[in-house]
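The values are calculated or read from the model by the stated rules, or taken from the named source; none is laboratory data. Everything numeric in this text was worked out from a predicted model, so none of it was measured. Here the Cβ positions follow ideal geometry from the backbone for every residue, glycine too, while neighbour counts run over all protein chains shown. Accessible surface is based on the protein model in full, side chains and every heavy atom, while ligands, DNA and RNA are left aside. Shrake-Rupley method; radii C 1.70, N 1.55, O 1.52, S 1.80 Å.
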Amino acid sequence: NKTLQAILSVYLLYTFDLQLAVLDASLTYKVSYWMVLVHATLFLVGQILNFSVYNAIGFDGVYYGVKFNKTIPWVTKFPYNVKWLKHPQYAGTWLSYINGIFILKLIMVPNEALSTLLSNLQIFITLSYLYMSFIEST
C-alpha cells in the first residue's frame, strides 16, 4: 500500500514537472520558512500519533484485525487516553498527509495544474477521513 502510494506520488510529481523553489536561488525569497516549520511540526505530531497507535494496538489493531477474528485488547494508554481525541489513527494520518502536501506546495515553484491537483487531493483526503470517522462512530 505505501509502496503504491510512493510510486503514484513520484509519477504525478514527474508528470506535472515539479520544481522546488528552494533549489532555485532566484525563488527562495518566496518560500515562507516559518510556514514550512509550522507544517513540519504538525506533520511530526501526526507521525507521533501514528507511531503511538501502532505501539498501542499493533498491526492487527490498526488494520481491522477484529474483522478477521483477531483478538485486540482494549487499550487505555496514549493516544487512547486523550479524551478529546476520538480517532487518533485518523487524526495522525490526516495531519501527516495534509501537512506534507502543504509543505510541498510551499516549497515548489508555482505550478497551477499541480497546485490544483494537490488542493483537490487535500479536500478528498479530508472528506475521506471525516466519512470514515463518522462510520467508525456509528
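With the structure loaded, tell me whether Tyr54 is closer than 20 Å to Gln5 by Cβ and open to solvent by less than 50 Å² (accessible area, probe 1.4 Å) or whether it fails that test.
Taking the combined requirement at face value, the residue does not satisfy it.
Conditions tested, residue by residue: (1) at pLDDT 85 or above; (2) among the hydrophobic types (A, V, I, L, M, F, W, C).
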residue	(1), (2)
Val66	no, yes
Pro88	yes, no
Glu112	no, no
Thr138	no, no
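Restricting the first residue to the range 42-60 and requiring it to be touching a residue at least 12 places away in the same chain (Cβ under 8 Å) and small (Gly, Ala, Ser), which pairs with a second residue that is outside any helix (DSSP H, G or I) and surrounded by 19 or more Cβ atoms within 10 Å (Cβ to Cβ) meet a Cβ separation below 8 Å and a spacing of at least six or different chains?
Sorted first by the residue in the range 42-60, then by its partner, the pairs are Ser52/Pro79; Ala56/Pro79.
For residues in the range 105-116 being open to solvent by less than 40 Å² (accessible area, probe 1.4 Å), in contact with a helix residue (DSSP H, G or I) (Cβ under 7 Å, 6 or more places away or on another chain) and in a helix (DSSP H, G or I), which is farthest from Ser52 (Cα to Cα)?
Among those residues, the one meeting the criterion is Ser115.
Just give me the residues in the range 1-23 being surrounded by 10 or more Cβ atoms within 10 Å (Cβ to Cβ), modelled with pLDDT of 70 or more and among the polar types (S, T, N, Q), in sequence order.
Answer for the range 1-23, where residues must be surrounded by 10 or more Cβ atoms within 10 Å (Cβ to Cβ), modelled with pLDDT of 70 or more and among the polar types (S, T, N, Q): Gln5, Ser9, Thr15.
For the range 81-103, name all the residues that are closer than 19 Å to Tyr63 by Cα and open to solvent by 40 Å² or more (accessible area, probe 1.4 Å).
Answer for the range 81-103, where residues must be closer than 19 Å to Tyr63 by Cα and open to solvent by 40 Å² or more (accessible area, probe 1.4 Å): Lys86, His87, Gln89, Trp94, Tyr97.
A quick yes/no check of all residues on (1) under 18 Å from the mean Cα position of the chain (by Cα); (2) assigned to a helix (DSSP H, G or I):
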| site | (1), (2) |
| --- | --- |
| Val36 | yes, yes |
| Thr41 | yes, yes |
| Gly58 | no, yes |
| Lys67 | no, yes |
| Pro79 | yes, no |
| Gly92 | yes, yes |
| Ile103 | yes, yes |
| Leu118 | yes, yes |
| Gln122 | yes, yes |
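Within the range 81-90, track down each residue that is of a type in the set (Phe, Trp, Tyr) and outside any helix (DSSP H, G or I).
Trp84
Count, please, the residues in the range 117-133 that happen to be of a type in the set (Phe, Trp, Tyr) and either closer than 20 Å to Tyr63 by Cβ or crowded, with 19+ Cβ neighbours inside 10 Å (or both).
2
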